[in-house]
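Scroll down for the structure; my scribbles are underneath it.
What follows draws every value from the coordinates through simple rules; no lab data is involved. Keep in mind that what you see is a predicted model, and the values were worked out from it rather than measured. Note that we place each Cβ from the backbone using ideal geometry, even for glycine, and neighbour counts take in every protein chain shown.
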Amino acid sequence: MPRHLLTQMRSLATEKYPLETGGVLIGYTGGAGGDDVVIVAITGPGPGAHHSETTLEPDHEYQTQEIARIYRASKGVHTYLGDWHTHPGSAADLSRRDKKTLKHIASHRDARMDRPIMAILGEGSPWTLKVWRLVLGSVVVFRRARYYEMDVHETP
Ligand SMILES: [Zn+2]
C-alpha cells in the first residue's frame, strides 16, 4: 500500500474522530494464487454517508460511481477489493458485524471478489492498521470462513 494512501486514510479517520468513517479499497491481486493484494486507490465515505461512534453507513451511490470511474480509467485493471473503516478508541480487530460484511461481499456476485479484504484503523492516537482477508473453505457445503491478518507493506 502506497504511503500517501495510508496518510489519506489516517487523516480522514482523524477528521471524523470519535465517529467512524471509511470507504472502499481499489487495486489488483497478484502473486501465487492471487495471494498478494496491491492497493492503488481508496475512497472516502461519500457525501451521503451516516457516521456514528460505532457504525458507518457509506454512501453506496458515491462509492459505486468512484469504483466505476477508477475501473474505466485503468482500462479494467483496478477493481474493488474490499472496504476500510475505523474503530475509534478500540482495537483494529474484526467485529462480528465486520465478519458478516466480509462474507456478504464474498457472496455478492457483482463485487467479483471471492476473497475480500477489510482494512481497519483502530485506536486513534495514533491509529493502528490491520488488514484482514476472508478465505472461504473449498467444500461448498460447509464454506467455513477463515479470517487472517495480512502483512502490510508500505511502498513509497
Ligand atoms: Zn468494524
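Only residues that are loosely packed, with under 13 Cβ neighbours inside 10 Å and part of a loop (DSSP other than H, G, I, E, B): list them for region 22-50, please.
31, 35, 47, 48
Kindly evaluate residue 2 against the criterion of being crowded, with 16+ Cβ neighbours inside 10 Å and not hydroxyl-bearing (Ser, Thr, Tyr).
yes
How many residues are free of Cβ contacts under 8 Å to residues at least 12 places away in the same chain and over 24 Å from residue 72 (Cα atoms) if we restrict to region 1-15?
Result for region 1-15: 3.
Taking region 1-21 only, how many residues are part of a loop (DSSP other than H, G, I, E, B) and among the polar types (S, T, N, Q)?
1
Taking only pairs six or more apart or across chains, which ones have beta-carbon atoms under 9 Å, a first residue in region 16-32 that is of a type in the set (A, V, I, L, M), and a second residue that is in a loop (DSSP other than H, G, I, E, B) and exposed (fewer than 15 other Cβ atoms within 10 Å of the Cβ)?
That search, which allows pairs on different chains as well, returns 19/52; 19/53.
Is at least one residue of region 13-27 of a type in the set (Ser, Thr, Tyr) and farther than 20 Å from residue 101 by Cα? Step through it out loud before you land on a result.
Quick first cut of region 13-27, residues of a type in the set (Ser, Thr, Tyr) only: 14, 17, 21.
When the remaining residues are screened for being farther than 20 Å from residue 101 by Cα, the result is 14, 17.
Yes, because at least one residue in region 13-27 is of a type in the set (Ser, Thr, Tyr) and farther than 20 Å from residue 101 by Cα.
Determine which member of the set 14, 86, 43, 55 is β-branched (Val, Ile, Thr), more than 16 Å from the chain's Cα centre (by Cα) and farther than 23 Å from residue 136 by Cα. First the steps, then the outcome.
Values: 86 fails: more than 16 Å from the chain's Cα centre (by Cα); 43 fails: more than 16 Å from the chain's Cα centre (by Cα); 55 fails: more than 16 Å from the chain's Cα centre (by Cα).
Of the residues listed, the single one that is β-branched (Val, Ile, Thr), more than 16 Å from the chain's Cα centre (by Cα) and farther than 23 Å from residue 136 by Cα is 14.
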